[in-house]
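Let me begin by presenting the structure, written as structure tokens, before commenting on it.
The values are calculated or read from the model by the stated rules, or taken from the named source; none is laboratory data. It should be emphasised that the depicted structure is a prediction, and the values quoted were computed from it without experimental measurement. Glycine also receives a Cβ, built like all others from the backbone with ideal geometry; neighbour counts cover every protein chain displayed. These area figures cover heavy atoms from the full protein model, side chains too; ligands, DNA and RNA do not enter into them. Shrake-Rupley method; radii C 1.70, N 1.55, O 1.52, S 1.80 Å.
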Amino acid sequence: MRLVETRATEHRLELARGTLHARIYAPPRLFFVDTPSAVAADLGCAYTLEVDDAGRSLLHVTAGWVALERGARESVVPAGAACATAPGLGPGTPYFEDASDKFLNALDAYDFRQGGDDTLNVVLTEARVRDTLTLWHLLPRVDDAHRVRIYERLAQLAPPPDGVTRDAVLRLDEQALQLWKDNLQDKWLHESFPAARKVWRKLWQ
């Protein structure tokens with residue numbers, strides 16, 4: 001690990017290999033950690049970040065939110081969730097760690113092992129209400145046909161709020177996606193931390 005930069009508006013480390021435990025008491029997007037396959041940007045959080053010899057990383061968030069970013073690809077990971085990354089691919093799809101083994105194995109195959117329809121079928125079938133975190137992130141990452149299937153399962157688990165239409169979601173309208181995400185956040189945050197829920201939502205808004 002090395003210090004890349006430190007100034008009033010940004011503190012940045014690089015983790016090439018190993019494990020880092022971070023707890024940040026600062027405004028969001030002040031503390032960044034570069035890895036070989038993504039950048040971890042804190043949104044008011046506590047987390048563990050592991051990087052292996054091949055440059056793959058695994059993020060576990062224990063409080064708040066962390067954004068994993070590479071280019072235009074971003075995964076926003078809340079407390080209780082995790083997300084893997086791989087060199088050349090960037091962040092995978094975030095997931096809750098208490099999801100079923102079938103769900104987790106299929107998602108890993110879909111993200112990193114060229115899994116196709118069969119693995120997506122398992123993800124959709126095994127998804128719980130809380131797993132809308134994963135489905136919401138998949139919407140902009142798939143082709144039109146798969147997007148329709150993901151939308152239908154997502155809407156079945158947690159119908160979109162007023163003002164968010166099927167057409168708007170399928171054409172990836174940013175406002176519609178954000179409104180649905182805002183509506184889903186209470187389902188994503190761990191029920192064991194009701195007092196913290198409002199704090200982290202305020203930080204993310």
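If the condition is being in contact with a Gly (Cβ under 7 Å, 6 or more places away or on another chain) and not in a strand (DSSP E or B), then region 33-70 contributes P36, S37, A38. Residues in region 44-64 that are crowded, with 20+ Cβ neighbours inside 10 Å and at negative phi: C45, Y47, L49, V51, S57, L59, V61.
Of all residues in region 1-27, those that are in contact (Cβ under 8 Å) with a residue 24 or more places away in the chain have Cβ atoms under 6 Å from Cβ atoms of residues that are of a type in the set (S, T, Y), 6 or more apart or on another chain, in L15/T35; H21/T48; A22/Y47.
Among the residues of region 144-176, those that are over 24 Å from T125 (Cβ atoms), open to solvent by less than 70 Å² (accessible area, probe 1.4 Å) and in a helix (DSSP H, G or I) comprise A168, A176.
Scanning region 11-29 for residues that are assigned to a loop (DSSP other than H, G, I, E, B) and surrounded by 16 or more Cβ atoms within 10 Å (Cβ to Cβ) gives L15, I24, P28.
Taking region 163-179 as the range and being out of contact with any Phe, Trp or Tyr (no Cβ under 8 Å at 6 or more places or on another chain) and at pLDDT 95 or above as the test, the residues that pass are T165, D167, A168, R171, L172, D173, E174, Q175, A176, Q178, L179. Could you tell me which residue of region 88-114 is surrounded by the fewest Cβ atoms within 10 Å (Cβ to Cβ), considering only residues that are within 18 Å of R128 (Cβ to Cβ) and among the small types (G, A, S)? Going through the qualifying residues, I end up with S100. Only one residue in D182, D186, D131 is at pLDDT 90 or above and open to solvent by 40 Å² or more (accessible area, probe 1.4 Å). Which one? Only one candidate qualifies: D182.
A count restricted to region 73-87 and to residues that are part of a loop (DSSP other than H, G, I, E, B) and buried (at least 20 other Cβ atoms within 10 Å of the Cβ) stands at 2.
Scanning region 18-38 for residues that are basic (K, R) and closer than 18 Å to E69 by Cα gives a single hit, R29. Only one entry of R141, R70 meets the criterion of being more than 19 Å from Q185 (Cβ to Cβ), in contact (Cβ under 8 Å) with a residue 40 or more places away in the chain and open to solvent by 40 Å² or more (accessible area, probe 1.4 Å), and that entry is R141.
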